[in-house]
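Colleague: Could you have a look at this structure, given as structure tokens, before my questions?
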Number of protein chains: 2
Amino acid sequence: MAKPKYSHLSLSLFLIITIITSSPLSLASRPSNFPSSRWAPRFLGKFSSSSPPKQPQPPKQQQQQPKIRYETRYFAQRLDHFSFSDSPRFQQRYLINTEHWVGPQRLGPIFFYCGNEGGIEWFAKNTGFVWEVAPQFGAMILFPEHRYYGESMPYGNKDEAYKNASTLSFLTAEQALADFAVLITELKRNLSAEGCPVVLFGGSYGGMLAAWMRLKYPHIAIGALASSAPILQFEDIVPPETFYDIVSNDFRRESSSCFNTIKESWDALVTEGKKQNGLRQLTKTFHLCRELSSTDDLANWLDSAYSYLAMVNYPYAADFVMPLPGHPIREVCRKIDGCPDGTSTLERIFEGVSIFYNYTGQAKCFELEDESDVGTDGWNWQACTEMVMPMSSSRNASMFQTYDFNLSSFQEECWKDYNVKPRPTWITTEFGGHDIKATLKSFGSNIIFSNGLLDPWSGGSVLQNVSETVIALVTEEGAHHIDLRFSKKEDPEWLVEQRATEIKLIEGWLEKFYQESKSKFDM
Amino acid sequence: MAKPKYSHLSLSLFLIITIITSSPLSLASRPSNFPSSRWAPRFLGKFSSSSPPKQPQPPKQQQQQPKIRYETRYFAQRLDHFSFSDSPRFQQRYLINTEHWVGPQRLGPIFFYCGNEGGIEWFAKNTGFVWEVAPQFGAMILFPEHRYYGESMPYGNKDEAYKNASTLSFLTAEQALADFAVLITELKRNLSAEGCPVVLFGGSYGGMLAAWMRLKYPHIAIGALASSAPILQFEDIVPPETFYDIVSNDFRRESSSCFNTIKESWDALVTEGKKQNGLRQLTKTFHLCRELSSTDDLANWLDSAYSYLAMVNYPYAADFVMPLPGHPIREVCRKIDGCPDGTSTLERIFEGVSIFYNYTGQAKCFELEDESDVGTDGWNWQACTEMVMPMSSSRNASMFQTYDFNLSSFQEECWKDYNVKPRPTWITTEFGGHDIKATLKSFGSNIIFSNGLLDPWSGGSVLQNVSETVIALVTEEGAHHIDLRFSKKEDPEWLVEQRATEIKLIEGWLEKFYQESKSKFDM
């Protein structure tokens, strides 16, 4: 057995780290075997919380990311936009930068990032594209926070906001969009900037919000760049196997033996777990801080690592959800494949996921998911209410355990955990999705759906042009909303081109808007 | 003084009728002088309730309107679509007719009337256009009822539903639209008719709902005929004087002396009311059943008559809100102008409004508004929450008392009456309105805004073509959604043409839809 890599490092650097994984199974009840239901993987929820879990410090050179400047403000929002019940207001946090804005007289644009499931500062930091392009457009920058995340807590604090199904009941995408609509409208009124065009940006769930906002509030925003926005990952619009098939393909394209090792590992895990002292042995093999009580916990931990690796499979070193090298899946497979002959499957797996969980090498041992956290995470609530994204794992194409999404079990678990009944058909009723091309072709305009095909969420997004103004930008080598990140000197050519296209399209929207404003004034 | 007309009729026919007027001031506190605030006139709310007030029976020939056939069904709706709170469901009534529907295999269209503020049967009866054209389209007909009206009462019954601001809080346009969206989606699923195109219809507030539904749910309906839909009657989008100026013009175009008599009458009324025994004299002059306690009540009653007369100023006899002759304003003015010399202004006024309140001549005396009704009317709640339509009356152009809309007083009155704070900018935030041409030009498609310029609500609607598919059909001689009424042999040529144009446009939407469906199948 190969020595674990970390043992080569100086002990003085060691930390006991608690990496709270965003397991797809985080809420599922797990008796002793594999779970009866599979939760949709979170986007990046946990990692983007405003108080991030302790993480290993990234190496110095990775920390050097461009500085962004903004002012933090708060806006009193209604808790419930869609009824006239007497509910308390809450303070929505937003970040604002006006230093490059050319102002209301010159109809300076407003670049508006649709905050998603986490503290807004984290998204601001990780959405360099907006900061980089705003100056050339003379644009104001706004980063409003999504309700129930970060500091934007109803009922005064997170404990109260997340207390029960009743207090959580206003954590919905529609309410968040209405927050955005009211915030923009009021802000523009206060600045006498009613005539200024608003351009929406968003990545991941934020990208879904940006696309939906353009669809539902076309009077408020002239266009949307929706990056990695899986607005079709609902009901039966795309096959439920899509997500895990893409993750699996990301591994297979690097190495089929790596793919096979992972595919075999699940059985190996179960077999090992059933042995006498098996759980203790697994605890040792995977350097867990606490003794493993179920192989499911470990399976979830691994599942989660692979899914995230696919999302952040960027061509350069980055510290998005974790400090990682460039092409991290390649590195993971290199580890898995590169172990000396005779290394067991599970030992190879450990070597591989250490790239994800311990790239900096500072971890002494690993904590699996913190069970006490159940019920306090916003995205899990959203997944249990409207964001019902069925996920299955196919027998052949997937390297994961075979699994068929089961709505009934899913609903039971939501009831058990939150006392809430999911509404799996609501999102498509409210926002559409079925036959979206026909709808958007004769309606809608000015939306960019950008996707990288390495990103497992790309399968649930819009990958073909719908019309002249509803555009799909697809990159073969892109991962989760890489286009929204700060530019880097390591950026591959296709990424530079993609961003240039996006800028050109946004310029087109604005030019048309200004032409029409002008002809209106001329009238 | 001319003998009141009714006294010529046989006493045996007399009825004491209670005509609950839909006064613009119905909720305002009225001390002894003219009101401090002016409420938006209702559309046709009161008259369209499912249990209509006793009204004089119309003459036999007017009662003969075409029969319509439908089945009445109920659908369990969520009370709150936009939160996950545990609120009780309610039964939404809807009328359905499938006898001409060509069915799901042939993608038979679904004609969907957006029920507005009243019992749905009344709207079904008064929307003959849908019934007449559905057969030629092979269309199913659906008339869903608006929540909180007719039988579609949350909390089991009207008393409970209208109990307080909390129970009423879900009476909003957005919730009603979501009801429609869920109903259509579920119904289509049950009939395996997911592929069938839906065309929306609506008049007045129902027309606003139809237009908004097309804007907000383009994936659910392929187009909307929004007749007399004042979607721009909010904030400062159109001048607040618009409504009363149009009513006044309707009278002036018939007779400037009639206009002048009415304009003078308000002062005459106040002067008379201040005299000793003045109120008693007014009670007599206007044949009121109970002694008048304030001239305001009478002013409201008159105001209301003029406003409704303008809305239903149809070219033929009709029994929409009241049994009335064709060109009723012409008839009113003929009465006002035709009194013998020496007839007082107020006596002329009484003769005039008798055309509205007593065309059948069966009324013995008149009840002014029933004050006990305050607080139980759905439209007043809606006006006090989101449907804040500022209404003023200009000094010169209007024949009404001069009045400037005052938002603060309006809000105070809403607070007093309903314990609710109006949100005057919400409708435009949610649905747009400012600069609607620019928005709809680059977004949106397949909406007909039809308006008759005699209709005082026309001033708040869309009167110019926005694009090739967002069309304004404007008729000089039309009144409130006359195009949606049953055709009649008396229909003027312009009305026949207008309906033919509407049919042609709807055919165009459907043809395009079928072409696209076909090319999809061919792919």
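Colleague: Would you tell me the mean number of C-beta atoms belonging to other protein chains that fall within 10 Å of each C-beta in B:179-186, as a whole number? Could the numbers behind the result be given before it?
Modeller: On the way: counts 0, 0, 4, 5, 1, 1, 6, 2.
For this peptide, the per-residue mean of nearby foreign Cβ atoms is 2.
Colleague: Packing-wise, with mean Cβ within 10 Å as the measure, how do A:437-447, B:417-427 rank, highest first? Display every interim value, and only then the final one.
Modeller: Numbers: A:437-447: 21.1, B:417-427: 19.0.
Result, highest mean first: A:437-447, B:417-427.
Colleague: Distance check, please: which entries in A:Lys274/A:Lys364; A:Lys518/B:Lys504; A:Lys441/B:Lys188; B:Lys489/B:Lys518 exceed 31 angstrom between their Cα atoms? Provide the component values of the computation, followed by the final result.
Modeller: Details: A:Lys274/A:Lys364 26 Å; A:Lys518/B:Lys504 35 Å; A:Lys441/B:Lys188 22 Å; B:Lys489/B:Lys518 39 Å.
Table pairs above 31 Å Cα-Cα are A:Lys518/B:Lys504; B:Lys489/B:Lys518.
Colleague: Using 7 Å Cα-to-Cβ label points, what is the B:Ser87/A:Asp159 separation (nm, one decimal)?
Modeller: The answer from the label model is 3.0 nm.
Colleague: Cα-based Rg of chain A per 2.2 N^0.38 Å, rounded to two decimals? Before the final figure, lay out the partial values.
Modeller: Details: Rg = 23.0 Å, N = 523, 2.2 N^0.38 = 23.7 Å.
Normalised Rg, Cα atoms only: 0.97.
Colleague: Quick query: amide H of A:His327 versus all other amide H atoms, modeled in the peptide plane; which residues come in under 5 Å with a sequence gap of 5 or more or a different chain?
Modeller: It is A:Tyr314, A:Tyr316, by chain and number.
Colleague: Additional query: Whole Å is fine, so just give me how far the alpha carbon centre of region B:483-501 lies from that of region B:243-277.
Modeller: Region B:483-501 and region B:243-277 have Cα centres separated by 33 Å.
Colleague: Could you state the number of Å between the C-alpha centres of region B:292-324 and region A:79-153?
Modeller: Each part reduced to its Cα centre gives a spacing of 50 Å.
Colleague: In addition: For B:Ser467, which inter-copy label distances result when the label point lies 7 Å beyond Cα on the Cα-to-Cβ vector, reported in nm to one decimal and in ascending order?
Modeller: From this label point to the equivalent ones elsewhere in the assembly: 0.5 nm.
Colleague: Show me, for region A:198-214, the HN-Hα J-couplings you get by feeding each phi into the Karplus relation (A = 6.51, B = -1.76, C = 1.60, θ = phi - 60°), rounded to Hz, glycine and proline as x.
Modeller: Rounded to whole hertz, the list is 10, 10, 9, 10, x, x, 6, 4, x, x, 4, 4, 5, 5, 5, 5, 5.
Colleague: May I ask you to report, in nm to one decimal and beginning with the shortest, the distances from A:Glu194 to the same position in the other copies, taking label points 7 Å along Cα-to-Cβ?
Modeller: 4.3
Colleague: Checking a compactness column here: for the protein assembly as shown, what do you get for Rg(Cα) / (2.2 N^0.38 Å), N being the number of residues?
Modeller: Details: Rg = 32.9 Å, N = 1046, 2.2 N^0.38 = 30.9 Å.
Ratio of Rg to 2.2 N^0.38 Å for the protein assembly as shown: 1.06.
Colleague: A follow-up question, please. In region B:262-296, which residues have a backbone nitrogen under 14 Å from the label point lying 7 Å from B:Thr343's Cα in the Cα-to-Cβ direction?
Modeller: Only B:262, B:286 fall inside the zone, counting backbone N under 14 Å.
Colleague: Something else now. Using θ = phi - 60° and the Karplus relation 6.51 cos²θ - 1.76 cosθ + 1.60, list the HN-Hα couplings for region B:149-154 in order, rounded to whole Hz, with x at every Gly or Pro.
Modeller: Karplus-based 3J(HN,Hα) across region B:149-154 equals 10, x, 8, 8, 9, x Hz.
Colleague: Right, next: Could you pull out every residue, at least 5 positions away or on a different chain, whose amide H is within less than 5 Å of the one on A:Phe201? Hs are placed 1.01 Å off N in the peptide plane, and Pro or chain starts have none.
Modeller: Those lying under 5 Å, H to H, from A:Phe201 are A:Phe112, A:Tyr113, A:Cys114, A:Leu225.
Colleague: Within the P(r) computed for region A:241-358, what percentage of the Cα pairs occupies the region above 21 Å? All intermediate terms of the calculation are to be shown ahead of the outcome.
Modeller: Working: 2437 of 6903 pairs.
Roughly 35 percent, once rounded to a whole number.
Colleague: What number comes out for the charge environment of A:Ser450, summing +1 per Lys or Arg and -1 per Asp or Glu over other residues with Cβ under 15 Å away?
Modeller: On the way: positive: A:Arg214, A:Arg485, A:Arg499, A:Lys504; negative: A:Asp455, A:Glu476, A:Glu477, A:Asp483, A:Asp491, A:Glu497, A:Glu502.
Result for the neighbourhood of A:Ser450: -3.
Colleague: Can I ask one more? Quick one: grab Rg to one decimal and Dmax as a whole number for region B:371-460, Cα atoms only, in Å.
Modeller: Every Cα atom of region B:371-460 included, Rg and Dmax give 16.3, 49 Å.
Colleague: Got the A:Lys274 label distances to the other copies yet, label 7 Å along Cα→Cβ, in nm, shortest first?
Modeller: With the label placed 7 Å along Cα→Cβ, A:Lys274 yields 10.0 nm.
Colleague: Where does the Debye-calculated log10 I(q)/I(0) of region B:64-174 sit at q = 0.10, 0.13, 0.15, 0.16 Å⁻¹, using only Cα point scatterers of equal weight, no solvent?
Modeller: -0.35, -0.56, -0.70, -0.77
Colleague: Find, among the residues of chain B, the one whose Cβ sits nearest the axis of the rotation taking B to A; state the distance in whole Å.
Modeller: Looking at chain B's Cβ atoms against the axis toward A, the nearest is B:Phe82, 2.
Colleague: Each residue of region B:345-360 in order: what ³J(HN,Hα) in whole Hz does its phi give by Karplus 6.51 cos²θ - 1.76 cosθ + 1.60, θ = phi - 60°, with x for Gly and Pro?
Modeller: 3, 5, 5, 4, 4, 4, 4, x, 5, 4, 4, 7, 8, 8, 5, 6
Colleague: Something else about it: Loop-only check: which GluC sites (Glu not before Pro) in region A:445-519 are DSSP coil with at most 16 other Cβ within 10 angstrom? It would help to have the intermediate numbers written out before the result.
Modeller: On the way: sites: A:Glu468, A:Glu476, A:Glu477, A:Glu490, A:Glu493, A:Glu497, A:Glu502, A:Glu507, A:Glu511, A:Glu516; in loops: A:Glu468, A:Glu476, A:Glu477, A:Glu490.
Answer by residue number: A:Glu468, A:Glu476, A:Glu477, A:Glu490.
Each value in this text was obtained by applying a stated rule to the coordinates, not by laboratory testing. Since this is a predicted model, take the numbers as computed values, not measurements. Reconstructed Cβ throughout: ideal geometry from the backbone, glycine too, with neighbour counts over all protein chains shown.
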